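Written below as structure tokens is the structure these notes are about.
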């Protein structure tokens, strides 16, 4: 299951052009803008905070931005019947499709006009603004009504004892015009002992 702002993307760092691709979680994005041009494949300009400490700009296709984090993967496994390595991407995509059909959507944010949580894609985000603490402000264009809504989310790692692997916790708040919390949702997931991919919980 993906929590809000948990997806990770890979970009080259201009400060190290010959270096490896750097993993950039969605929470490090600062702005996402669809470029004018062809509808398919659409291309987005992403401004992100790199691990080097600077903000950089990268280009991402619509498919990579919205669908790759859901289940597409280049992971291989050894087929025990044939003894040959085989890609696992299609199986992961099928698993993601079944989860979506059951209503388990990776990202949900609050739509002010419709007054409810709505399933969204990363391309629905226009700005991501980290706060001084773990709070992250997100400007989201609702895919249903098209209205811009502001959300405040948190991301934290909760451990109850030194031997506990912990849990990933995401909190979503709806604020009124006076800045007071009027609704709160959370998502809590135990951190697994072994991950099926190279991405961490954050």
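The values are calculated or read from the model by the stated rules, or taken from the named source; none is laboratory data. Not measured: the values here are computed from a predicted model. Glycine gets a Cβ as well: all are built from the backbone with ideal geometry, and neighbour counts include every protein chain shown.
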- Item | Single residue of the stretch 182-202 satisfying the filter (farther than 30 Å from residue 21 by Cβ and surrounded by 11 or more Cβ atoms within 10 Å (Cβ to Cβ)) that is modelled with the lowest pLDDT | 188
- Task: Go through (1) at pLDDT below 70; (2) assigned to a loop (DSSP other than H, G, I, E, B) and name the single condition residue 154 misses.
- Result: (2)
- Message: Being in a loop (DSSP other than H, G, I, E, B) and modelled with pLDDT of 80 or more is the filter here; which residues of the stretch 100-123 pass it?
- Response: 112, 113, 114, 115, 120, 121
- Message: Considering only residues that are without any contact (Cβ under 8 Å) to a residue 40 or more places away in the chain and surrounded by 13 or more Cβ atoms within 10 Å (Cβ to Cβ), which ones fall in the stretch 53-66?
- Response: 57, 61
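Report whether or not residue 3 is closer than 24 Å to residue 151 by Cα, at pLDDT below 80 and out of contact with any helix residue (DSSP H, G or I) (no Cβ under 7 Å at 6 or more places or on another chain). Give the derivation first.
Numbers: closer than 24 Å to residue 151 by Cα: yes; at pLDDT below 80: yes; out of contact with any helix residue (DSSP H, G or I) (no Cβ under 7 Å at 6 or more places or on another chain): yes.
In short, yes.
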- Give the residue that is nearest to residue 119 (Cα to Cα), with candidates limited to residues of the stretch 68-99 that are part of a loop (DSSP other than H, G, I, E, B) and at pLDDT below 70. 71
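Report, by residue number, each residue of the stretch 22-47 that is part of a strand (DSSP E or B), without any contact (Cβ under 8 Å) to a residue 60 or more places away in the chain and closer than 17 Å to residue 124 by Cβ.
Taking the stretch 22-47 and keeping what is part of a strand (DSSP E or B), we get 22-25, 29-34, 43-47.
Still in the list and also without any contact (Cβ under 8 Å) to a residue 60 or more places away in the chain: 22, 24, 43, 45-47.
43, 45, 46, 47, listed by residue number.
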- Of the numbered conditions (1) part of a strand (DSSP E or B); (2) at pLDDT 80 or above; (3) more than 29 Å from residue 40 (Cα to Cα), residue 129 fails exactly one; give the number of that condition. (3)
